[in-house]
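Just so you know, all these numbers are worked out from the coordinates, no wet-lab data involved. As the structure is a computational prediction, the values presented were derived from the model and not from experiment. With ideal geometry, Cβ positions are generated from the backbone for all residues, glycine too; neighbour counts draw on all protein chains shown.
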């Protein structure tokens, strides 16, 4: 295992929970190493990391990779304690905002989403997501790309929940025609949309470009409802784009989304439309 000190594995100082998790893991590694009387340099040599990197991890300054924790567990004879921390560390790898969004989605009993310019993150294939990140002009390292793609596609576990939430998506026609990542990636993305549309708890609709004006033209709309009767919504074109739980504002977002669904193609027509797109290549 080669030492890796790439951007993207630093701890976000504004992420209090993440800082606490990484500090706890680092402290456990250090305690285990000292308990067996092993110097940091010797330990680093055995796990394939430099002494400086070992100190960074033990000091809570770097997010340890999963393979590091497995190897450290083996070298230090931790009996699975360090390896078991991989799940918490895995969550820390994802940006705070992504985690917060995923946590909301994980609790939602119902979700309705309209997206205009791109395919919604929950519907993207890994290849499609990667292509979008690659053209964002952000100069991501390979490690950062992998983390971002994993974070986005990891949210798709919402489709596997039991009981399954009711999910509704409306996508603009143009977002389906845009060949993000090239023809093969685009075709696989359309095929994936058909697979998702076939799920019992999912409704997928397409908004035709020639449909005229509708409430979604000012930006993305999301409405999530929870089992306890509460809800949260957000729209790029309302309330400064901030999430809201205020009943009056939620009613406005729900009305806008209902209007969008009414103007879009029916689920059956939408499936036929996507199949037609696939047939054009």
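Determine, from the Cβ-Cβ distance of residue 135 and residue 272 and an R0 of 22 Å, the FRET efficiency 1/(1 + (r/R0)^6), rounded to the nearest 0.05.
0.15
Could you please rank 67, 160, placing first whichever residue has the fewest other Cβ atoms within 10 Å of its Cβ? Show your work: numbers first, answer last.
Numbers: 67 13, 160 7.
Ranking 67, 160 by Cβ neighbours within 10 Å, fewest first, gives 160, 67.
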Fill in: Where the Cα pairs of segment 16-93 fall when distances are cut into 10 Å bins, in %
21, 61, 18, 0
Worksheet entry | Proxy reagent accessibility, fewest Cβ within 10 Å first, across 252, 274 | 252, 274
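If R0 is 30 Å, what FRET efficiency do you get for residue 196 and residue 67 from their C-beta distance, rounded to 0.05? Please report the intermediate quantities before stating the final value.
Values: r = 32 Å, r/R0 = 1.06.
The calculated FRET efficiency here is 0.40.
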Discussion item. So if I take the centroid of the Cα atoms in segment 26-61 and the same for segment 140-207, what is the distance between those two points in Å?
Written reply: 40 Å
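Once you have the Cα-Cα distance between residue 146 and residue 27, take 0.36 nm times their residue separation minus that, and quote the gain in nm to one decimal. It would help to have the intermediate numbers written out before the result.
On the way: separation 119, 0.36 × 119 = 42.84 nm, distance 2.65 nm.
Gain in length upon complete extension: 40.2 nm.
For residue 262 and residue 19, calculate 0.36 nm times their separation in residues minus their Cα-Cα distance, and state this gained length in nm to one decimal. Show your work: numbers first, answer last.
Numbers: separation 243, 0.36 × 243 = 87.48 nm, distance 4.57 nm.
Here the segment from residue 262 to residue 19 would lengthen by 82.9 nm.
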Worksheet entry | Taking 207, 174 and counting other C-beta atoms within 10 Å, the order from fewest to most | 174, 207
Response to the item:
Nearest 10, in degrees from 0 to 90: the angle of helix 267-279 to the longest Cα principal axis of the chain is 70 degrees
Discussion item. Taking every DSSP beta bridge with both residues inside the chain, roughly what % is antiparallel (nearest 5)?
Written reply: 55 percent
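Once the Cβ-Cβ distance between residue 236 and residue 185 is put in as r, and R0 is 25 Å, what FRET efficiency do you end up with, to the nearest 0.05? Before the final figure, lay out each step's value.
On the way: r = 26 Å, r/R0 = 1.04.
According to the calculation, E is roughly 0.45.
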Worksheet, complete the sentence: Taking only Cα atoms of segment 137-244, the Rg to Rh ratio with Kirkwood Rh works out at 0.98
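Could you state, as a whole-number percent, how many of the C-alpha pairs of the chain are farther apart than 33 Å?
I get 35 percent for the Cα pairs in the chain exceeding 33 Å.
Pairwise over distinct Cα atoms, reciprocal of the mean inverse distance: report the Kirkwood radius of segment 118-175 in Å, one decimal place.
Working: mean 1/r = 0.0785 Å⁻¹.
Its Kirkwood hydrodynamic radius stands at 12.7 Å.
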Practice prompt. Calculate how large, on average over all directions, the projected area of the Cα convex hull of segment 203-281 is; give the answer in nm² to one decimal.
Written response: 6.4 nm²
